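Before any comments, here is the structure.
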């Protein structure tokens, strides 16, 4: 049988009967063949599932998108961006977006940190483009936040939030006859208050999430919380101005007022866009830089023919924030 494992159970039984006169059923040869194959090719060890829970609120946040909200009237998908506290199971941030970007992720973190007056020790994201990028890594590093990405093909890493999304679909979205973006987004804050303050959780023995949130004993300094946007700045190096008062940006000309030929320009990616500072300390801004940058290479023809930087003063431009 070891020499003829390529044969089926019936063929093996017939060969044993015709060659050696052994009366063996095909079910027996099938069982023996399976035992031989298992001994020759042992099965890999089963995956080790890791069960963990932090012991203090805001020690670890989980972030992800709930991507199964297909709008009825627009025939497109809306994305529920959620940040969940590991210890309390509370939603520290939740909002519905149509075209989320990496900047939306950072703004969500900033909103949650200001609301709860804290800075998390760590945050877990999956490997989606909205959760990976130099600007997010720089933001977390500047604030001392450990940025963790989930293990590939190991969904349990963010399992608490995946389970919460199943509850959201049943308890919130399925209560609407039609999924209209404005209606879903308008009712979301009331559902979050119910989920955090009333709804009991099995992991908490039936208690609501707020009972564990109240155990918070460390608060961030207001001077830090007031300038969180300044921690999201990633230097991109420098370039020189060309003859037509422009620099090259994403394969296009980026025009800047009063830029001289060969004048050094220092580039920095921020939440508001691409910031360019000249040697004369003049600052210019290209808004929607992250959106332009995420356009795939095979769709680069959709980019504007050229970019125009606007003269930028931090005092004139309001700080961008996302309200819960």
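The values are calculated or read from the model by the stated rules, or taken from the named source; none is laboratory data. Source: prediction; values computed, not measured. Every residue, glycine as well, gets a Cβ built from its backbone with ideal geometry; the counts of neighbours run over all protein chains shown.
Among the residues of region 229-236, are any more than 23 Å from residue 102 (Cβ to Cβ) and either part of a strand (DSSP E or B) or modelled with pLDDT of 90 or more (or both)?
So far as region 229-236 goes, no, none of its residues is more than 23 Å from residue 102 (Cβ to Cβ) and either part of a strand (DSSP E or B) or modelled with pLDDT of 90 or more (or both).
Those residues that are within 13 Å of residue 97 (Cβ to Cβ) and assigned to a strand (DSSP E or B), I need them from region 68-82; list them, please.
Within region 68-82, 69, 77, 78, 79, 80, 81, 82 qualify.
Quick one: is residue 103 exposed (fewer than 15 other Cβ atoms within 10 Å of the Cβ), in the same structural domain as residue 206 (by TED's automatic domain parsing) and either free of Cβ contacts under 8 Å to residues at least 60 places away in the same chain or closer than 29 Å to residue 220 by Cα (or both)?
Against the criterion (exposed (fewer than 15 other Cβ atoms within 10 Å of the Cβ), in the same structural domain as residue 206 (by TED's automatic domain parsing) and either free of Cβ contacts under 8 Å to residues at least 60 places away in the same chain or closer than 29 Å to residue 220 by Cα (or both)), residue 103 does not qualify.
Any residue in region 262-277 that is within 31 Å of the chain's Cα centre (by Cα) and assigned to a loop (DSSP other than H, G, I, E, B)?
Of all residues in region 262-277, those within 31 Å of the chain's Cα centre (by Cα) come to 266-277.
After this cut, where a residue has to be assigned to a loop (DSSP other than H, G, I, E, B) as well, the list is 271-272.
Yes, region 262-277 contains a residue that is within 31 Å of the chain's Cα centre (by Cα) and assigned to a loop (DSSP other than H, G, I, E, B).
Given the criteria outside the structural domain of residue 100 (by TED's automatic domain parsing), within 18 Å of residue 253 (Cβ to Cβ) and not in a loop (DSSP other than H, G, I, E, B), does residue 300 qualify?
Criteria met by residue 300.
Let me confirm something: among 184, 188, 213, 221, which residue is farther than 21 Å from residue 166 by Cα and touching a strand residue (DSSP E or B) at 6+ places or on another chain (Cβ under 9 Å)?
213
From 235, 257, 222, 208, grab the single residue that is closer than 24 Å to residue 295 by Cβ and either crowded, with 16+ Cβ neighbours inside 10 Å or out of contact with any helix residue (DSSP H, G or I) (no Cβ under 6 Å at 6 or more places or on another chain) (or both). If you could, list the steps in order and put the result at the bottom.
Details: 257 fails: closer than 24 Å to residue 295 by Cβ; 222 fails: closer than 24 Å to residue 295 by Cβ; 208 fails: closer than 24 Å to residue 295 by Cβ.
Only one candidate qualifies: 235.
Among the numbered criteria (1) within 28 Å of residue 123 (Cβ to Cβ); (2) at pLDDT below 90, which one does residue 77 miss?
(2)
Can you find even one residue in region 279-292 that is assigned to a strand (DSSP E or B) and more than 23 Å from residue 104 (Cβ to Cβ)?
The answer is yes, given that some residue of region 279-292 is assigned to a strand (DSSP E or B) and more than 23 Å from residue 104 (Cβ to Cβ).
Output the qualifying pairs, or none if there are none: Cβ atoms under 7 angstrom, residues six or more apart or on different chains, first residue in region 77-89 and without any contact (Cβ under 8 Å) to a residue 60 or more places away in the chain, second residue in a loop (DSSP other than H, G, I, E, B).
Cβ pairs passing all conditions: 79/100; 81/100.
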